[in-house]
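Asker: Below you'll find the structure I mean.
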Amino acid sequence: MATEAGKQHVWDWAGLMALPAESPTVDLHCVTKWSKFGTQWQGVSLDVVLADVETAAEHVLVTSYGGYTTNIPLADLVDGKAWIVYGYGGRDLAPEHGGPARLLVPHLYLWKSAKWVREIQLRQSDVPGFWESAGYHNYGDPWREQRYQGD
Ligand SMILES: Nc1nc2c(c(=O)[nH]1)N[C@H]1C(S)=C(S)[C@@H](COP(=O)(O)O)O[C@H]1N2
Ligand SMILES: [Mo]
């Protein structure tokens, strides 16, 4: 699920479940102007997932089953800011919300939180994902209302 220079780190479901879990309670911000406060998730911190990954990369392209992509700076996925989540409100994460597992990056707009996450590619260069290629803001900070390119 995480790669650099051809080196792959793969977690199967049992391997993901064996990692220490957290239960973050976070606010979500959608680009279409709604927010949802105090959502409760269960999952694994990206700090844990990336603990054994040595990298000089500063950029990440996340790919989902189905082909969705989104790009995020690596700095925004570490230091307790992002999780691979598989539970919501104490239940298994529903398929329509990204189950069995999705990325959760609550400090950025929700389109960065890729559902059905498949691969986290560590990259030396930035590359736009699906919505970023379609005119959404490259970074997507809700506090600065970075919805579209130029915001
Ligand atoms: N794989 C995948 N992830 C995705 C999307 C998508 O189309 N495919 N849409 C994004 C967008 S635009 C939003 S607003 C949120 C919606 O998450 P939700 O369905 O849990 O509300 O998922 C994001 N992650
Ligand atoms: Mo969205």
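Asker: Suppose we take every Cα in the chain and form the convex hull; what volume per residue is that in Å³?
Answerer: Output value, Cα hull per residue: 112 Å³.
Asker: Counting pairs of alpha carbon atoms under 8 Å apart in space and at least six apart in sequence, what relative contact order in percent does the stretch 6-121 give?
Answerer: 26 percent
Asker: Right, next: Using +1 on the beta carbon of Lys and Arg, -1 on that of Asp and Glu, and nothing else charged, what's the dipole of the stretch 2-144 about the Cα centre, debye to 20?
Answerer: 480 debye
Asker: In the stretch 1-56, what chymotrypsin sites (Phe, Trp or Tyr not before Pro) fall in a loop by DSSP, with at most 10 other Cβ atoms inside 10 Å?
Answerer: Passing sites in the stretch 1-56 are Trp34.
Asker: Are there trypsin sites (Lys or Arg not before Pro) in the stretch 1-73 that DSSP puts in a loop and that have at most 12 other Cβ atoms within 10 Å, and which ones?
Answerer: Lys33
Asker: In the structure shown, do any of Lys7/Lys115; Lys81/Lys112; Lys7/Lys112 have a Cα-Cα gap over 20 Å, and if so which? Write down the numbers at each step before the final one.
Answerer: On the way: Lys7/Lys115 24 Å; Lys81/Lys112 13 Å; Lys7/Lys112 24 Å.
Pairs exceeding 20 Å: Lys7/Lys115; Lys7/Lys112.
Asker: Taking 0.36 nm per intervening residue step and subtracting the Cα-Cα distance, what contour gain separates Asp47 from Gln124 on full extension?
Answerer: Taking Asp47 through Gln124 to full extension adds about 25.8 nm, to one decimal.
Asker: Using r as the Cβ-Cβ distance of Thr55 and Trp143, and R0 as 30 Å, what FRET efficiency do you calculate, to the nearest 0.05?
Answerer: My answer for the efficiency is 0.60.
Asker: Once Lys and Arg get +1 and Asp and Glu get -1 on their Cβ, which of Pro100, Asn71, Gly135 lies farthest toward the positive end of the dipole of the stretch 2-144?
Answerer: Farthest towards the positive pole: Gly135.
Asker: Could you go through the stretch 137-150 in sequence order and give the Karplus-derived ³J(HN,Hα) for each residue, using 6.51 cos²θ - 1.76 cosθ + 1.60 with θ = phi - 60°, rounded to whole Hz, and x for Gly and Pro?
Answerer: Karplus-based 3J(HN,Hα) across the stretch 137-150 equals 4, 5, 9, x, 7, x, 6, 9, 6, 7, 7, 10, 3, x Hz.
Asker: Another question about this same structure. If you take every residue apart from Leu46 with its C-beta less than 10 Å away from the C-beta of Leu46, what net charge results, scoring Lys and Arg +1 and Asp and Glu -1?
Answerer: Computed value for this residue: -2.
Each reported figure results from applying straightforward, stated rules to the coordinates on display, with no laboratory input. Nothing here was measured: the structure is a model prediction, and the numbers come from that model. Ideal geometry is used to build each Cβ from the backbone, glycine not excepted, and the neighbour counts take in all protein chains shown.
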